[in-house]
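Working notes, beginning with the structure itself.
Bear in mind that the values in this text are calculations on the coordinates, not laboratory data. Model, not experiment: these values are computed from the prediction. Cβ: placed from backbone, ideal geometry, glycine included. Neighbour counts: every protein chain shown.
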Amino acid sequence: MKQIVLDIGLSAGPTIANFCPGPNQAALEHLVLWLGGNSSTRSPLPTYYWGPVGCGKSHLLKGAREALREQGARVGWLDASLHDEGEFNESWAAVLLDDVDLYTSAQQHTAFNWFVNAQTLQRPVLAAGELAPVDLKLRDDLRSRLGWGHVFRLMPLSEPERRAVLRQAADDRGVFLGDEVIDFMLTRFSRDLGSLMELLESLDGYALQTKRAITIPLIRSMMENT
């Protein structure tokens, strides 16, 4: 069956608290320590996360953005879907660059400009992409800067870890997921964790709307009516 990724946003959104590290504990601990500092003690060295789709790199960047906002800080954010983001703002506490491997020439120009200004003002940069810095098809000056500081390779969760996260997320919602339902979700839909969490969000809403438990027939019914 063709894999499906539902275009439904997470209600809570990615946070550091709801990130399941699995094999990526060192990357998470580094970011938690980094976020625990302040503008005067936070290391200005850049941090770069890389790995395949679904490994959690964008989750970490979005979680860091949310944590900084909760601290009252403003940040510069750029990802491959954004264009014409303007000049660097000196009020930013950090610069966050997501999907760098997909940047256009114009976005690379913006990212380099922000990077240089951030370094001049001793502001940190967090970045993420699918490839290691040396393999990025970017302008040389931007690629070299992305590899200057801390570099973490992220790995996708194993299937048992995905199952555990799905079950915990369902329990947190007060929803029961049987083994057969989890099997169905893992074999019939996109297996990356972000998509699975979106699927659970959608199933929970549909189950409440129809006043039914989450079963395989309910999943089929939802897909037929979506």
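In a reduced charge model with +1 at each Lys and Arg Cβ and -1 at each Asp and Glu Cβ, region 159-224 shows a dipole moment near 200 debye about its Cα centre. When the Cα atoms of the chain are aligned to their principal axes, the ranges along those axes come out at 57, 33, 30 Å in descending order. Using only Cα coordinates, the Kirkwood hydrodynamic radius of region 22-153 works out to 14.6 Å. When Rg and the Kirkwood Rh are both derived from Cα coordinates, the Rg/Rh ratio for region 159-224 amounts to 0.91. The modelled label-to-label distance between Asp183 and Leu33, using points 7 Å beyond Cα along the C-beta direction, is 4.4 nm.
Each residue of region 121-133 is assigned a 3J(HN,Hα), and the resulting list reads 9, 6, 9, x, 10, 10, 9, 8, x, 7, 10, 5, x Hz, derived from the Karplus form 6.51 cos²θ - 1.76 cosθ + 1.60 (θ = phi - 60°), x at Gly and Pro. Each residue of region 176-184 is assigned a 3J(HN,Hα), and the resulting list reads 9, 10, x, 4, 5, 5, 5, 4, 5 Hz, derived from the Karplus form 6.51 cos²θ - 1.76 cosθ + 1.60 (θ = phi - 60°), x at Gly and Pro.
Here the 3J(HN,Hα) profile of region 205-217, calculated from phi with Karplus coefficients 6.51, -1.76 and 1.60 at θ = phi - 60°, is x, 5, 5, 5, 5, 9, 6, 10, 6, 7, 10, 4, x Hz, Gly and Pro shown as x. Principal-axis analysis of the Cα atoms of the chain puts helix 105-120 at an angle of about 60° to the longest axis. Can you tell me, using C-alpha contacts under 8 Å and at least 6 residues apart, the relative contact order of region 22-153 as a whole percent? That works out to 35 percent. Dipole magnitude for region 22-153: computed about the Cα centre from +1 point charges on Lys and Arg Cβ and -1 point charges on Asp and Glu Cβ, it is near 300 debye.
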